[in-house]
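A short write-up of the structure that comes next.
Bear in mind that the values in this text are calculations on the coordinates, not laboratory data. Bear in mind the structure is a predicted one, so any value in this text is a computation, not a measurement. Note that each Cβ is placed from the backbone with ideal geometry, even for glycine, and that neighbours are counted across all protein chains shown.
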Amino acid sequence: MIPLTAIPRVSGLTKEAFKEQYLDTSKPVVITDLVDSWPAKEKWTLDFFKENFGHLMVPVFSSKGSQAGKGYMSPDKKMPLKDYISAIQEGATDLRLFLYNIMNDAPELHSDYEVHTIMDGFFKEFPFTFFGGAGSKVAMHYDIDLSHVFLTQFDGRKRVVLFSPEQSKYLYHLPFTVASYIDVDNPDFEKYPALKKVTGYETIIERGDTIFIPSGYWHYIIYLDAGFSMNQRANDSVIKKVQGAVNIATHFVVDKGMNRIFGERWKEIKEEIAEWRANH
Ligand SMILES: O=C(O)CCC(=O)C(=O)O
Ligand SMILES: [Fe+2]
């Protein structure tokens, strides 16, 4: 098994303590009271969204949506939010709704939350929501723009597994992507021997918890129940912003172009490069 350490759970964190203990040291933490003052904390449930915004047509992605290859950012179809929520509540689908900015379609939701003040540099225009049914998995990735992520859980529980960016070399990172397809719970040490060197973190977040995922951290997420979360992202460093922009450009341009030229073979080439790098 890959050794995983429990992520600490804290409350009453000041901006200064957060900076000193977690931001500057790039350590993950679960903050249990960060959204205590938000109306959303009590109000936002799957049923609330179904009843009040059920008519919205939302883009949904099948589980293959988080895999490599062409079109990994394009939705599989659109459906009314109420039908989608009913389907995940009944356990009838593995469709996911991710990176969805529901505030664009329902601006009244803006009054239910606040932009965090625990650090500087939050992108005010980007609160994304993520929905999924029990058993849904988010393939291991890191966020391409290298921002810090604050993921708040509203309904259901999620298991979150993290690896620091320093572990990338052992994680069979597929070049020109933000993905790794190692199976955290069932690692194949024979095929991927460098995995023996990996250590990570894990926790379960539930209603009201906010997990801080530092910039560049790998994350693998399993929905234990049907539920949803919202994230806010921050980037307080000019260097990281530039790195993030370069990352976005090279990944999209190179990966898309190579997909077009090599098709399926490009995926194999990336896997070969990833194996060679980690094994060396
Ligand atoms: O919770 C999810 O479904 C994915 C969250 C995620 O990857 C993120 O916030 O960057
Ligand atoms: Fe992510």
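Give Lys169/Lys241; Lys19/Lys124; Lys15/Lys41; Lys137/Lys241; Lys50/Lys137; Lys50/Lys77 a once-over and call out the pairs whose C-alpha atoms are over 25 Å from each other. Long pairs (Cα-Cα over 25 Å): Lys137/Lys241. Each of His55, His110 was scored by other Cβ atoms within 10 Å of its Cβ. Arranged with the fewest first, they read His55, His110.
For the chain, excluding the exposed loop sites themselves (trypsin sites (Lys or Arg not before Pro), DSSP loop, at most 13 other Cβ atoms within 10 Å), the longest remaining stretch covers 1-123.
Ranked for footprinting exposure by Cβ neighbours inside 10 Å, fewest first, His116, His148, His219 give His116, His219, His148.
Overall size of the chain from C-alpha positions, given as principal axis extents largest first: 51, 44, 36 Å. The calculated FRET efficiency for the pair Glu90 and Glu206, based on their C-beta separation and a Förster distance of 22 Å, comes to about 0.55. Full extension of the chain segment joining Lys19 with Asn186 gains 56.6 nm, where the gain is 0.36 nm per residue of separation less the Cα-Cα distance.
As a proxy for reagent exposure, ranking Leu46, Leu13, Leu171 by other Cβ atoms within 10 Å from fewest up yields Leu13, Leu46, Leu171. The modelled label-to-label distance between Phe262 and Val238, using points 7 Å beyond Cα along the C-beta direction, is 3.7 nm. Fully extending the segment from Lys169 to Arg9 would add 54.8 nm, taking 0.36 nm per residue of separation and subtracting the current Cα-Cα distance. Shape call for the stretch 80-186 from the C-alpha gyration tensor, a ≥ b ≥ c root eigenvalues: rounded (a/c under 1.5), prolate (a/b greater than b/c) or oblate? The shape class here is oblate. Were the residues from Lys124 through Ile269 laid out at 0.36 nm apart, the gain over their Cα-Cα distance would be 48.3 nm. The label point for Lys197 and the one for Asp105, both projected 7 Å from the Cα toward the Cβ, are 4.5 nm apart.
Please give the FRET efficiency for Glu42 paired with Arg277, using the beta carbon to beta carbon distance and R0 = 45 Å, rounded to the nearest 0.05. For R0 = 45 Å, the calculated efficiency reads 0.40.
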